[in-house]
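Undergrad: Take a look at the following structure, please.
Laboratory data are not the source of any read-out in this text; all were calculated from the coordinates shown. Quick caveat, the model's predicted, so the values are computed rather than measured. FYI the Cβ positions are ideal-geometry reconstructions off the backbone, even for glycines, and counts take in every protein chain you see.
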Amino acid sequence: MSLSTALNTAQNSLLNTQRQTSVLSRNMANADNPDYNRRTAVLSSLHPGARVVDIQRSTDAALFKQNLTALSGWSAQSKIVYELDRLSLDVNGVDHATSPAMLIGQFQEALQLYSSTPSNRTLAENSIEMAREVVRSLNDGSASIQSFRSQMDGEIAQGVEELNSLLADFKKVNDEIIRASRSGRDALDAHDTRDAILKRVSEFVPISTISRDDNDLMIVTADGTTLFETDPRPVSFEPTVVYGSATVGNRILVDGVPLAKSTGANTTGGGSLAAMVQLRDSFAVEMQSQLDEVARGLIQTFSETDPNPPNDVVAGLFTWPGAPNVPAAGTVETGLASGISLNATVDPSKGGDVERLRDGVAFDFNPDGNASFSEYLIDKVNSLDEPMTFVTNGGVTASQSLMTFSAGSISWLEDARKTASSAAETKSATMFRTSEVLSNLTNVNVDEEMALMLQLEQSYAASAKMMQMIDEMLQTLLSVVR
Amino acid sequence: MKVSFVSTQAITQAMRYQMARMQTDLVSANKEAVTFRVADRGLALGARTGMSVSFHRDIDRLKGLTDSNELAASRLASTQVILNQMKDDADSLLSAFTTALSSASDPNIAKDQAEVFIASMTSSLNAHLNGEHLFAGINTDVKPLDDFLDPASTSATEFNELFEGHFGFYPDDTDVSDITAAEMEDFLDNVVEPYFMGTGWTDHWSSATDQQIVSRITLTETAETSVSANIDPFRKLAMAAATISVLVGRDLQSTTKSALLEKAISDLGAGISGIANQTGYTGITEQRIDRANERMSMQVDIISKSLIDIEGVDESEAAVKVNGLIAQIELSYTLTSRMQQMSLLKFL
């Protein structure tokens with residue numbers, strides 16, 4: 001070994017330390033960037049004295065994959081919790097105060113009070129106003145469900161658009177990585193960007209990735225449809241602007257294949273797109289059909305039988321576009337809740353006579369016009385509690401009273417909310433836990449970098465000292481020669 | 001080489017996440033501590049929310065029923081007062097008739113008493129409460145009893161027609177003195193009685209309906225909560241008083257008068273006992289309403305208790321929860337600031 005070799009090595013060491021310092025300062029600069037993966041400058045010896053710095057990016061493929069799954073699960077669940085909250089508030093009001101169930105209860109109370117003093121016209125007006133409230137809550141509930149559906153539809157369209165642009169970005173970054181890999185260039189920043197894009201994609205659809213040669217990545221959805229392979233696959237969705245009760249929303253197509261449906265309040269699906277489709281097509285539709293059944297229950301309860309042959313049964317206080325017939329039991333008449341209205345015969349705002357509520361709306365059961373005729377009213381108050389056939393959740397028919405059924409509708413929604421909310425808690429915990437572990441493995445710890453900096457400082461000083469010493473030795477040697 | 005097992009990012013994130021959760025919890029715990037009810041009924045009860053909704057509804061309904069029962073109860077109480085009043089009036093009329101029959105006192109006294117009785121009976125049966133005629137059955141917006149004392153009234157003219165139809169002359173005719181006791185008895189038993197007890201009463205005297213006001217007094221029970229002017233005791237009292245007031249003042253044979261008074265006394269007796277019975281029936285209904293109210297208030301108590309069981313929160317627990325959360329959040333703030341201090345930078 002000669003002095004010049006020693007000088008070379010010391011020089012090399014200075015160079016390496018400088019490069020290590022530059023990596024370190026980059027790490028420090030990105031300490032708060034969650035998408036930044038910590039770089040490590042690895043020294044390796046080629047032959048004695050010559051050391052090369054190789055920059056590596058810390059990753060954990062398995063954890064990253066787990067984090068993507070957790071992310072899409074949480075994104076779907078939190079969407080469902082948030083939107084169910086809103087649906088419940090829109091349809092049932094704060095503390096269910098404006099729910100059809102509560103309002104029917106108040107209407108029954110008003111009828112009861114009226115039946116105790118049928119001669120009192122004010123009480124008749126009060127009952128009619130309560131009936132109007134019931135109708136309004138059904139109409140408004142139905143309208144807000146449909147606007148909820150159209151809003152979901154709009155958000156789906158927006159999400160699909162965003163997903164497509166993310167995939168286009170993904171192509172750019174992926175291509176860059178492939179090119180860099182082929183030419184042996186460093187593309188670590190592109191890797192960071194690509195991982196960040198994958199995280200955002202997984203918020204929309206549940207995905208898994210397949211690595212190929214030259215660091216190329218292929219994305220497939222959880223149900224096996226290819227989302228990206230060299231080129232992005234088109235995700236298409238035909239939005240529907242106006243929703244009626246019978247409108248069926250379009251499905252999301254990934255590369256021509258429909259996105260799998262998710263079910264349950266603790267949703268089986270991942271990604272906000274599946275969650276929004278589920279909200280639009282199952283929760284909102286089910287809610288609507290329950291309102292429709294409540295509306296049918298009201299029309300049927302207040303229907304009247306002609307005292308004269310052929311004893312037709314016709315719609316009474318509550319009526320609908322198909323009047324005078326009464327909607328058939330056992331099937332859901334879609335959109336009935338938005339079509340139900342107060343019979344004009346008793347509606348004072350349409351020139352009707354409120355006292356028909358006492359005597360019978362479609363037929364006169366009090367032909368003598370007795371002021372305290374209470375039988376019709378008492379009969380109607382009672383029949384609100386009598387069992388009738390309802391189509392319940394899932395298309396099953398069951399015998400229940402209108403009061404029970406309408407309260408059951410609240411139970412159904414709140415049960416879904418409760419399940420969804422506790423599932424969201426679990427899923428968010430999983431999401432935070434995996435992110436935390438991933439972050440611990442891949443993100444920067446400032447203190448560690450500081451410690452490393454001390455080490456580098458020492459090493460730099462030592463190398464410099466070494467150069468100074470070699471210089472002195474050379475000086476000594478030269479002075480001997482002189 | 002990576003030596004640490006925690007990243008700076010993870011430390012701050014975890015802190016932030018915990019803080020956000022605790023603050024959300026604090027909001028709902030605060031609401032619970034103030035209202036003593038769960039903050040979000042739906043989230044707390046899930047599928048049982050419907051139960052809580054129907055409990056709330058049941059309580060409202062039972063209270064509503066209790067309120068409307070008050071109306072029926074006040075109607076029955078007024079009815080009761082009037083019935084007792086009429087019974088007293090009928091008692092004094094009975095003694096007046098008995099005196100008239102036993103002594104040779106002026107028959108006009110009996111006639112006057114009968115007229116006074118008819119006047120008080122008319123006003124009693126036409127009494128109204130809260131805009132409803134109490135004795136009108138369900139035809140409560142029409143005065144039930146015709147004013148017999150008004151000579152032009154239907155009931156008065158029809159009575160004269162009835163007399164004329166049987167005897168061939170009107171009561172103010174001088175021929176009345178020819179009527180024998182037997183003829184008068186025949187008239188009273190076979191013409192006047194069927195008239196009053198049959199359609200004559202409903203056609204000319206009363207516009208009340210036989211049907212009485214039916215009220216729902218509990219969730220499942222209904223009761224008749226009024227008395228109709230068409231019940232037999234009223235007809236009997238009116239018949240006795242009307243015959244006496246029209247006929248006794250006339251120039252009749254004394255035996256005929258006695259026959260009249262005897263018939264009137266027996267009708268009055270039947271009427272008085274009938275009213276006493278009616279008072280009893282009404283009392284029973286009043287008692288039923290009382291009991292129904294009592295039962296319903298018990299039901300309200302029970303339901304309220306169950307409601308508290310399912311959606312109430314323990315007051316002290318809620319308060320402790322709020323305090324605990326506040327302490328925890330404060331601790332978390334302290335920790336955050338301590339951790340902010342904890343950096344190698346400070347020591348280099």
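Undergrad: What translational diffusion coefficient, in µm²/s and rounded to a whole number, does the Stokes-Einstein relation yield for chain B at 20 °C and a viscosity of 1.002 mPa s, taking the hydrodynamic radius as the Kirkwood radius over Cα pairs? Intermediate values should be presented prior to the final figure.
TA: Details: Rh = 26.6 Å.
Stokes-Einstein gives a translational diffusion coefficient of 81 µm²/s.
Undergrad: Run the simple label-point estimate for A:T305 and A:Q56 please: 7 Å along Cα→C-beta, distance reported in nm.
TA: 8.7 nm
Undergrad: Further question: Relative contact order of chain B, please, whole-number percent, based on alpha carbon pairs below 8 angstrom and at least 6 residues apart.
TA: Values: 407 pairs, mean separation 95.5, N = 348.
Dividing the mean separation by the residue count of chain B yields 27 percent.
Undergrad: Label-point separation (nm) for B:D88 and B:D186, each offset 7 Å from Cα along Cα-to-Cβ?
TA: About 4.3 nm separates the two model spin labels.
Undergrad: With θ taken as phi - 60° and the coefficients 6.51, -1.76 and 1.60, list the Karplus ³J(HN,Hα) couplings across the stretch A:363-373 in order, rounded to whole Hz; mark glycine and proline as x.
TA: Result, ordered by residue: 10, 8, 8, 10, x, 7, x, 5, 5, 10, 6 Hz.
Undergrad: Across the stretch A:205-221, in residue order, what do the Karplus-derived ³J(HN,Hα) couplings come to in whole Hz, using 6.51 cos²θ - 1.76 cosθ + 1.60 with θ = phi - 60° and x for Gly and Pro?
TA: 9, x, 10, 9, 10, 10, 7, 10, 4, 6, 6, 6, 10, 10, 10, 10, 6
Undergrad: For chain A, what's the relative contact order in percent, using C-alpha pairs closer than 8 Å and at least 6 residues apart?
TA: Details: 752 pairs, mean separation 109.1, N = 482.
Value for chain A: 23 percent.
Undergrad: So, one more: Please compute, for the alpha-carbon atoms of the stretch B:123-199, the extent along each of the three principal axes and give them in descending order in Å.
TA: 51, 23, 17
Undergrad: Please compute the contact order of the stretch A:85-146 in relative form: average sequence separation of alpha-carbon pairs under 8 Å and at least six residues apart, divided by the residue count, as a percent. Before the final figure, lay out each step's value.
TA: Details: 49 pairs, mean separation 25.9, N = 62.
Worked out over the stretch A:85-146, it gives 42 percent.
Undergrad: Any aspartates and glutamates with Cα under 12 Å of the A:K418 Cα? List them, leaving off those in the same chain fewer than 8 positions away.
TA: Output for A:K418: A:D85, B:D40.
Undergrad: Still on this structure: For the stretch A:282-351, go through all pairs of different Cα atoms, get the mean of 1/r, take its inverse, and jot down that Kirkwood value in Å. Mind showing how you got there, number by number?
TA: Values: mean 1/r = 0.0787 Å⁻¹.
Averaging 1/r across every pair of different Cα atoms and inverting gives 12.7 Å.
Undergrad: Counting only residues 5 or more places away or on other chains, whose amide H sits under 5 Å from the amide H of A:S374 once H atoms are built in the peptide plane?
TA: Placed amide hydrogens put B:V214 under 5 Å from A:S374.
Undergrad: Using 1/(1 + (r/R0)^6) with R0 = 56 angstrom and r between the beta carbons of A:A29 and A:T268, what's the FRET efficiency to the nearest 0.05?
TA: Details: r = 42 Å, r/R0 = 0.75.
That pair, A:A29 with A:T268, gives E of 0.85.
Undergrad: If you don't mind, there's one more thing I want to ask. Rounded to the nearest 500, what is the 222 nm mean residue ellipticity of chain A from helices alone, with -39500 (n - 2.57) per DSSP H run of 4+ residues and division by all residues? Could the numbers behind the result be given before it?
TA: Values: 12 runs with 275 residues, N = 482.
Mean residue ellipticity, 222 nm, calculated: -20000 deg cm²/dmol.
Undergrad: Let me ask another. If I take the Cα coordinates of the stretch A:79-217 and project them onto the principal axes, what are the three extents in Å, biggest first?
TA: 96, 20, 19
Undergrad: Given the convex hull of the Cα atoms of the stretch A:263-413, what is a quarter of its surface area in nm²?
TA: Values: hull surface 43.4 nm².
Convex hull of Cα atoms, orientation-averaged projection: 10.8 nm².
Undergrad: Give me, ordered by chain and number, the residues 5 or more places off A:S401 or on other chains with an amide H under 5 Å from its own placed amide H.
TA: Those qualifying (amide H under 5 Å, at least 5 residues apart or on another chain) are A:M388.
Undergrad: What are the ³J(HN,Hα) values, in whole Hz, obtained from phi via the Karplus relation 6.51 cos²θ - 1.76 cosθ + 1.60 with θ = phi - 60°, for each residue of the stretch B:325-330 in sequence order, with x given for Gly and Pro?
TA: Once rounded to whole Hz, the list reads 5, 4, 4, 4, 5, 4.
Undergrad: How would you rank A:M130, B:M184, B:M51, going from fewest to most other Cβ atoms within 10 Å of each one's own Cβ?
TA: Details: A:M130 21, B:M184 24, B:M51 18.
Ordered from fewest to most neighbouring Cβ atoms within 10 Å, A:M130, B:M184, B:M51 come out as B:M51, A:M130, B:M184.
Undergrad: Please give the length that would be gained between A:S399 and A:L188 if that part of the chain were fully extended, namely 0.36 nm times their separation in residues minus their C-alpha to C-alpha distance (nm, one decimal).
TA: Here the segment from A:S399 to A:L188 would lengthen by 69.4 nm.
Undergrad: Take B:S102 and A:R121, extend 7 Å from each Cα along the Cα→Cβ direction, and tell me the distance between the two endpoints in nm.
TA: 5.6 nm
Undergrad: Could I ask something else about it? How big is D for the stretch A:157-307, in µm² s⁻¹ as a whole number, if Stokes-Einstein is applied with the Kirkwood radius of its Cα pairs at 20 °C and 1.002 mPa s?
TA: Details: Rh = 18.1 Å.
Diffusion coefficient, whole number: 119 µm²/s.
Undergrad: Right, here's the next one. Quick one, can you get me the convex hull of the C-alpha atoms of the stretch A:332-441 expressed as volume per residue in Å³? Kindly include the intermediate steps, with their values, before the conclusion.
TA: Working: hull volume 19.6 nm³, N = 110.
Output value, Cα hull per residue: 178 Å³.
Undergrad: While we're here: Rg to Rh ratio, the protein assembly as shown, alpha-carbon atoms and Kirkwood radius? Working shown, then result.
TA: Working: Rg = 46.3 Å, Rh = 35.4 Å.
Here Rg/Rh amounts to 1.31.
Undergrad: Taking the Cα centre as origin and putting +1 on Lys and Arg beta-carbons and -1 on Asp and Glu beta-carbons, what dipole magnitude results for the protein assembly as shown, to the nearest 20 debye?
TA: On the way: 64 positive and 109 negative charges, 1490 e Å.
Dipole magnitude for the protein assembly as shown comes out near 7160 debye.
Undergrad: Can you tell me the orientation of helix A:446-481 relative to chain A, as the angle in degrees between its alpha-carbon axis and the longest Cα principal axis, to the nearest 10?
TA: 10 degrees
Undergrad: Next question. For the stretch B:13-64, just run the numbers: alpha carbon Rg, then divide by 2.2 N^0.38 Å, N being how many residues it has. Can you show the working numbers first?
TA: Working: Rg = 15.9 Å, N = 52, 2.2 N^0.38 = 9.9 Å.
Here the Cα radius of gyration is 1.61 times the empirical estimate.
Undergrad: Next up: In the stretch B:55-301, with Lys and Arg counted as +1 and Asp and Glu as -1 at Cβ, which of these residues, B:S273, B:S254, B:V214, has the Cα nearest the positive end of the dipole, that is, farthest along it?
TA: B:V214
Undergrad: Hey, got the average number of other protein chain Cβ atoms within 10 angstrom for residues in A:437-443?
TA: Values: counts 2, 3, 9, 8, 6, 3, 6.
That average works out to 5.
Undergrad: Specify the inter-centroid distance of the stretch B:129-185 and the stretch A:392-460, based on alpha-carbon positions, in whole Å.
TA: Value for the Cα centre distance between the two parts: 88 Å.
Undergrad: Over 24 Å between Cα atoms, which of B:K63/B:K87; B:K111/B:K263; B:K236/B:K257; B:K87/B:K236 qualify? Don't jump to the answer; show the numbers that get you there.
TA: Details: B:K63/B:K87 36 Å; B:K111/B:K263 15 Å; B:K236/B:K257 18 Å; B:K87/B:K236 12 Å.
The answer is B:K63/B:K87.
Undergrad: Compute the angle between helix B:254-311 and the longest alpha-carbon principal axis of chain B, please, reported from 0 to 90 degrees and rounded to the nearest 10.
TA: 0 degrees
Undergrad: Please pull out the direction-averaged projected area of chain A, using the convex hull of its alpha-carbon atoms, in nm² to one decimal place.
TA: Over every viewing direction, the Cα hull of chain A projects on average to 31.3 nm².
Undergrad: Can I ask one more? If we count other beta carbons within 10 Å of each Cβ, what is the order of A:E449, A:E125, B:E221, fewest first?
TA: B:E221, A:E125, A:E449
Undergrad: As an exercise, use a Förster radius of 25 Å and the Cβ-Cβ distance of A:S22 and A:A461 to find the FRET efficiency, rounded to the nearest 0.05.
TA: After rounding to 0.05, the efficiency reads 0.90.
Undergrad: Mind checking which of B:S28, B:S332, B:S155 has the largest fluctuation in a GNM of chain B, springs on alpha carbons under 10 Å?
TA: B:S332
Undergrad: OK, next. Subtracting the Cα-Cα distance from 0.36 nm times the residue separation, let me have the gained length for B:R291 to B:H128 in nm, one decimal. Let's see the in-between values first.
TA: On the way: separation 163, 0.36 × 163 = 58.68 nm, distance 2.59 nm.
Full extension of this stretch gives 56.1 nm more.
Undergrad: Rank these for me by crowding, A:R417, A:R51, going from fewest to most other beta carbons within 10 Å. Mind dumping the intermediate values first?
TA: Details: A:R417 22, A:R51 15.
Result, fewest neighbours first: A:R51, A:R417.
Undergrad: Calculate, in whole percent, how much of the Cα-Cα pair population of the stretch B:208-328 lies beyond 19 Å. Numbers along the way, then the final one.
TA: Numbers: 5073 of 7260 pairs.
Pairs farther apart than 19 Å: 70 percent.
Undergrad: List the residues, sorted by chain then number, that are 5 or more residues from A:G269 or on another chain and whose placed amide H is less than 5 Å from its amide H.
TA: Correct list: A:T263.
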